[in-house]
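First comes the structure, then the notes that go with it.
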Amino acid sequence: MPKPVLSSSRKYIETIFYQALEGVDPYHLMRSSVRASNGKLYLGDTILDLTSHANKYLIAMGKAAGGMTNAFLGISKIQPRAGIVALPASDPTPIPSPLSVFYAGHPHPNRASIDAGLA
């Protein structure tokens, strides 16, 4: 029985692996499920009219918070008055002001987790 050729198998496994990661990437998921037009925000089947709201606030938390926040801001062109983003300290995603960033503990809460909840 011939031995399997691992080099070509590895290529396919890596391709599947990276496609799976891209399929669950929070930035790409937000870009494909949220859109904005004429003062309205479309979130799947939900439509929010933002023209009657002077102040907008953003709250994001969890491992996907950084990617989702930046995707949302890029899609919507909404400049929130303020907001809270709680993400793991290991996430290097830059978060723009005026959003407050809390580097919360994962998987166990830390002081920053509590501070984010209080904020």
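The values are calculated or read from the model by the stated rules, or taken from the named source; none is laboratory data. Remember, predicted model here, so these are calculated numbers, not experimental data. Neighbour counts run over all protein chains shown; Cβ positions are idealised from the backbone, glycine included. SASA here: full protein model, heavy atoms, side chains in, ligands and nucleic acids out. Shrake-Rupley method; radii C 1.70, N 1.55, O 1.52, S 1.80 Å.
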Next item on the list: Could you grab me the full set of residues in segment 42-60 that are open to solvent by 60 Å² or more (accessible area, probe 1.4 Å), in contact with a Gly (Cβ under 9 Å, 6 or more places away or on another chain) and part of a strand (DSSP E or B)?
Entry: 49, 57, 59
Note to self: Could you go through segment 61-77 and let me know if any residue there is open to solvent by 100 Å² or more (accessible area, probe 1.4 Å), under 15 Å from the mean Cα position of the chain (by Cα) and among the small types (Gly, Ala, Ser).
What the structure shows: no
Notebook entry, point to check: Restricting attention to segment 8-41, and to residues there that are touching a strand residue (DSSP E or B) at 6+ places or on another chain (Cβ under 9 Å) and part of a strand (DSSP E or B), which single residue is farthest from residue 71 (Cα to Cα)?
Noted result: 40
Next item on the list: Within segment 94-116, work out how many residues are buried (at least 17 other Cβ atoms within 10 Å of the Cβ) and part of a loop (DSSP other than H, G, I, E, B).
Entry: 1
